[in-house]
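**Student:** Below is the structure I would like to discuss, written out as structure tokens.
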Amino acid sequence: MHMNAEQTSLILASASPRRRELLSQLGLSFTVSAADIDETPRAGEAAEAYVLRLAREKALAVAARHPGAWVLAADTTVVLGPELLGKPRDAEEARAMLSRLSGRTHEVHTGVALAGRHEEALVVRTRVTFRALSAGEIAWYAGTGEPLDKAGAYAVQGRGGFLVAAVEGSPTNVIGLPLGETMALLERAGVPLPWRASP
């Protein structure tokens, strides 16, 4: 049975350059089609439920535009105690988030969803411990602009790597896409992977 290109294609439903880079590192062939959904948390919504819901909504929204394709989506949030820390609005909010994370352990939750020819979703959690940060370090890093489009106001793979003392769990999850779990998800769905490409 022959399938057209759309039916065998993988689409990343994300505008995140970090997720694109992570997926590209594995030699996967994919296109990008971002989903525009409301990312407001619901009242009382737990972190795992929140990222799982958003990942599913993104995947389904893009899958509706591309019948027969595999659509991969993800959503990441930082959790400190009961609170979800999203992307800071400005440098001042970034400084406040970083001050709260300083010297403490938080969790990064990423929901990953696949829709289209196969539907499955999962959540991966990673624990991250920050060094005790000085006011000068926080002000300098917030002023670089790097924290502004990052959940929790930092990028572990960028300048923000100096903030982190320890990572327990998937390091790529902290960047925005847990690669090991994502590859297993794609393999279960039958997506052709570079090391198991279909003939």
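The values are calculated or read from the model by the stated rules, or taken from the named source; none is laboratory data. In this text, all values refer to a predicted model and were calculated from it rather than measured experimentally. Positions of Cβ are generated from backbone atoms using ideal geometry, with glycine treated the same way; all protein chains shown enter the neighbour counts. With ligands, DNA and RNA removed, areas are computed over all heavy atoms of the protein, side chains included. Shrake-Rupley method; radii C 1.70, N 1.55, O 1.52, S 1.80 Å.
**Student:** Have a look at 175, 11, 37 and tell me which one the Gaussian network model of the chain (Cα, springs below 10 Å) gives the largest fluctuation.
**Tutor:** Highest fluctuation among the options: 37.
**Student:** In whole Å, what is the distance between the alpha-carbon centres of the stretch 52-70 and the stretch 28-44?
**Tutor:** So the separation of the two Cα centres works out to 9 Å.
**Student:** Using the reciprocal of the averaged 1/r over all distinct C-alpha pairs, how large is the Kirkwood radius of the stretch 44-157 in Å? All intermediate terms of the calculation are to be shown ahead of the outcome.
**Tutor:** Numbers: mean 1/r = 0.0661 Å⁻¹.
After inverting the pairwise mean of 1/r, the radius is 15.1 Å.
**Student:** Using the eigenvalues of the Cα gyration tensor, what equivalent ellipsoid semi-axes result for the stretch 26-67 when each is taken as the square root of five times the eigenvalue, whole Å, largest first?
**Tutor:** Ellipsoid half-lengths, sorted descending, are 24, 13, 8 Å.
**Student:** What would the Debye equation give as log₁₀ I(q)/I(0) for the chain at q = 0.17, 0.19 Å⁻¹, counting only Cα atoms as equal point scatterers?
**Tutor:** Log10 I(q)/I(0), no solvent term: -1.08, -1.28.
**Student:** Calculate what fraction, in whole %, of the accessible area of the chain sits on carbon and sulfur atoms when a 1.4 Å probe is rolled over the protein chains.
**Tutor:** 51
**Student:** Another question, then. Mark the label point 7 Å from the Cα of residue 99 along Cα→Cβ and return the residues of the stretch 116-149 whose backbone N is within less than 12 Å of it.
**Tutor:** What the label zone holds, given the 12 Å backbone N cut-off, is 135-136, 138-139.
**Student:** Along the three principal axes, how long is the stretch 155-199 when you take its alpha carbons, biggest first, rounded to the nearest angstrom?
**Tutor:** Sorted largest first, the three principal extents are 45, 18, 13 Å.
**Student:** Counting Lys +1, Arg +1, Asp -1, Glu -1, what net charge surrounds residue 57 among other residues with beta carbon under 14 Å of its beta carbon?
**Tutor:** -1
**Student:** Ignoring ligands and nucleic acids, what accessible area does residue 167 show with a 1.4 Å probe (Å², nearest 10)?
**Tutor:** Residue 167 has an accessible surface of roughly 60 Å² with all protein chains in place.
**Student:** Next question. At a 10 angstrom cut-off on C-beta neighbours, averaged per residue, how do the peptides 49-58, 82-91 rank from highest to lowest?
**Tutor:** So the order, starting with the most tightly packed, is 49-58, 82-91.
**Student:** Please arrange 162, 130 by accessible surface area, largest first, computed with a 1.4 Å probe and ligands excluded.
**Tutor:** 162, 130
**Student:** What ranking, highest mean first, results for peptides 59-65, 26-32 when packing means the other Cβ atoms within 10 Å averaged over each residue?
**Tutor:** 59-65, 26-32
**Student:** Can you sort 195, 70 by 1.4 Å-probe accessible area, starting with the largest?
**Tutor:** Most to least solvent-accessible, the answer reads 195, 70.
**Student:** Enumerate the helices in the chain for which the Kyte-Doolittle hydropathy averages 0.0 or more and the C-alpha atoms extend at least 18 Å along the helix's axis, using complete DSSP H runs.
**Tutor:** Passing helices, by number: 47-65.
**Student:** Placing one identical point scatterer on every Cα of the stretch 37-104 and ignoring solvent, what is log10 I(q)/I(0) from the Debye formula at q = 0.14, 0.24 Å⁻¹?
**Tutor:** -0.55, -1.05
**Student:** Okay, moving on. Give the long-range amide H neighbours of residue 164: residues separated by 5 or more places, or on another chain, with amide H under 5 Å away, using H modelled in the peptide plane at 1.01 Å from N.
**Tutor:** 131
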